Amino acid sequence: MRMHTIATALALTVCTAAIGYEAETPAVKAAAPAPPQATVSSRDALIARAKSLELNTPYVPPPGDPLEHHTSGFAKIMCSAVFITGLDPDFAAENVGYFTSPYAERAKVGKPVIDRVNKAVHITLPNGVTRTAKYLGDQGCVTLPVGKNSVNFAPIKLKSRLPDPSKQLWPMGDALPKDPPPSELDAPKVKQAVDAAASLLSGTERASPRTRHSKAGRWARA
């Protein structure tokens, strides 16, 4: 009987302590939801990253007349567009290469003169200076120094180490697979797309035979 009383007393003591502990424990409040983060555009993120890598130095423009520098770039762009890509000169002047010759600067100089015999482009500034870019084969187009009619190096012919493209399967080469196209390919739709692209070519481009080596038409660069 005495043991029963002791056990009962211990049980009541434990229960009372537990109730007291729960009463003293403060209630935990739910955390407030975090405020939504502002959406950062990919352009702003790109600019922020560029600024983080920017050198802490003052900007010093290159010496010389800025318009001459812009016109130098303009001549180079026109030379590459005409003699490498095969674009129409008027189209190239309106649409290509603003990163080296902004459109507003082009309006300050003369119209590019295309010398197809010597594969050169000449552009004259209001002060009478002419910037010339010349096609040099495997070295591409190079703007000549002011007052010079040649570059300060000897252009060389480069020999490709790539395998014969006619024997390499597309896309690494020009050879097409002999197997029929996959069943999931809608051949009529492909032909329709090719015909639609061809309809955008100029009259001169449509008159020329189109092969795998033909230059891309102007519609591909508009």
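Data table
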item: The stretch 182-218: number of residues that are aliphatic (A, V, I, L, M) and modelled with pLDDT of 85 or more; result: 5
item: Selection within the stretch 136-150 - of a type in the set (A, V, I, L, M, F, W, C) and touching a Pro at 6+ places or on another chain (Cβ under 8 Å); result: Leu136
item: Boolean, Val121 is hydrophobic (A, V, I, L, M, F, W, C), at pLDDT 95 or above, in a loop (DSSP other than H, G, I, E, B) and buried (at least 19 other Cβ atoms within 10 Å of the Cβ); result: no
item: Only listed residue being under 30 Å from Asp179 (Cβ atoms), surrounded by fewer than 17 Cβ atoms within 10 Å (Cβ to Cβ) and out of contact with any strand residue (DSSP E or B) (no Cβ under 6 Å at 6 or more places or on another chain), chosen from Leu158, Leu169, Leu162; result: Leu162
item: Positions within the stretch 152-195 being part of a helix (DSSP H, G or I) and small (Gly, Ala, Ser), in sequence order; result: Ser166, Ala187, Ala193
item: Per-region count, the stretch 93-139, residues aliphatic (A, V, I, L, M) and farther than 29 Å from Ser160 by Cβ; result: 8
item: Pair list, Cβ under 7 Å, 6 or more apart: the stretch 136-149 residue touching a residue at least 24 places away in the same chain (Cβ under 8 Å), other residue of a type in the set (Gly, Ala, Ser); result: Gly140/Ser80; Cys141/Ser80; Cys141/Ala133; Val142/Ala133; Thr143/Ser72; Thr143/Ala75; Thr143/Ala133
item: Members of the stretch 66-86 found to be touching a residue at least 60 places away in the same chain (Cβ under 8 Å) and either on the phi < 0 side of the Ramachandran plot or assigned to a helix (DSSP H, G or I) (or both), listed by number; result: Glu68, Thr71, Ser72, Gly73, Ala75, Lys76, Cys79, Ser80, Thr85
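Conditions tested, residue by residue: (1) surrounded by fewer than 16 Cβ atoms within 10 Å (Cβ to Cβ); (2) of a type in the set (D, E, K, R); (3) modelled with pLDDT under 95.
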| residue | (1), (2), (3) |
| --- | --- |
| Phe91 | yes, no, yes |
| Ser101 | no, no, yes |
| Arg116 | yes, yes, no |
| Thr130 | no, no, no |
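The values are calculated or read from the model by the stated rules, or taken from the named source; none is laboratory data. Computed from a predicted structure; not experimentally measured. Backbone-built Cβ (ideal geometry, glycine too); neighbour counts: all protein chains shown.
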